[in-house]
1. On the given criteria, is Glu24 outside any loop (DSSP other than H, G, I, E, B), of a type in the set (Asp, Glu) and at pLDDT below 95?
2. For the condition outside any loop (DSSP other than H, G, I, E, B), of a type in the set (A, V, I, L, M) and touching a helix residue (DSSP H, G or I) at 6+ places or on another chain (Cβ under 8 Å), what is the one hit in Ala54, Ala13?
3. Which condition from (1) modelled with pLDDT under 90; (2) under 15 Å from Glu5 (Cα atoms); (3) within 13 Å of the chain's Cα centre (by Cα) is the one that Ser117 breaks?
4. For the range 35-62, enumerate the residues that are of a type in the set (A, V, I, L, M) and either crowded, with 20+ Cβ neighbours inside 10 Å or under 15 Å from Glu23 (Cβ atoms) (or both).
5. What are the pairs, 6+ residues apart or on separate chains, where a residue within the range 89-101 that is among the basic types (Lys, Arg) has its Cβ under 6 Å from a residue that is in a strand (DSSP E or B)?
6. Applying the selection to the range 27-51, what residues are assigned to a helix (DSSP H, G or I) and within 17 Å of Lys97 (Cα to Cα)?
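The values are calculated or read from the model by the stated rules, or taken from the named source; none is laboratory data. Owing to the predicted nature of the structure, the values given are computational and were not obtained by experimental measurement. FYI the Cβ positions are ideal-geometry reconstructions off the backbone, even for glycines, and counts take in every protein chain you see.
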Amino acid sequence: MKKNELKDQVVAAIQACLDKKAEEISILEMEKGSGAFTDYFVLCSGTNPRQVQAIADEVELRLKTAGVRPAHVEGYRQGEWILVDYVDFVVHVFSEKARKFYDLERLWKTAKRLEPSELTAKAKAKAKAKAKTAPTSKSKTVRRKRAGAALRRRKA
């Protein structure tokens, strides 16, 4: 998978977490030589089991609409720590108690920590640049009309 596609998917997961009011969102970019089995961890917390499940549901739904399905989901029924594995990145949705207990940030302390704003800002800037270079639908319509008119003049 291309790095840009991967980052777009991670951003979609982060946005899903934000939309469901997840707390303490952090991203760990795993180092190549660290023995990690994935490129990113997205970590967040919910205040109760129902919110933890709702966050995980939204992540799955958001990525499913983008054509990406998880390889594996664990812990959904208990709602304490839900792991949604997308192979290239893993989303961990914790209860506050479970997050403190497992403390994955400490366990993977060699990983580079990213703030959600770092990835989402890059994605927004990329989308903005793409929008500037891509012609709008209105300008496409105008060009088609002009091309059609020029073709009719030639035939006449």
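1. So Glu24 fits the description; yes.
2. Ala13
3. (2)
4. Looking only at the range 35-62, we keep the residues that are of a type in the set (A, V, I, L, M), and these are 36, 42-43, 52, 54-56, 59, 61.
Within the range 35-62, Val42, Leu43, Val52, Ala54, Ile55, Ala56, Val59 meet the criteria.
5. Pairs that qualify, where the first residue is among the basic types (Lys, Arg) and the partner is in a strand (DSSP E or B), are Arg99/Ser45.
6. Step one: of the range 27-51, the residues assigned to a helix (DSSP H, G or I) are 32-34, 49-51.
The answer is Pro49, Arg50, Gln51.
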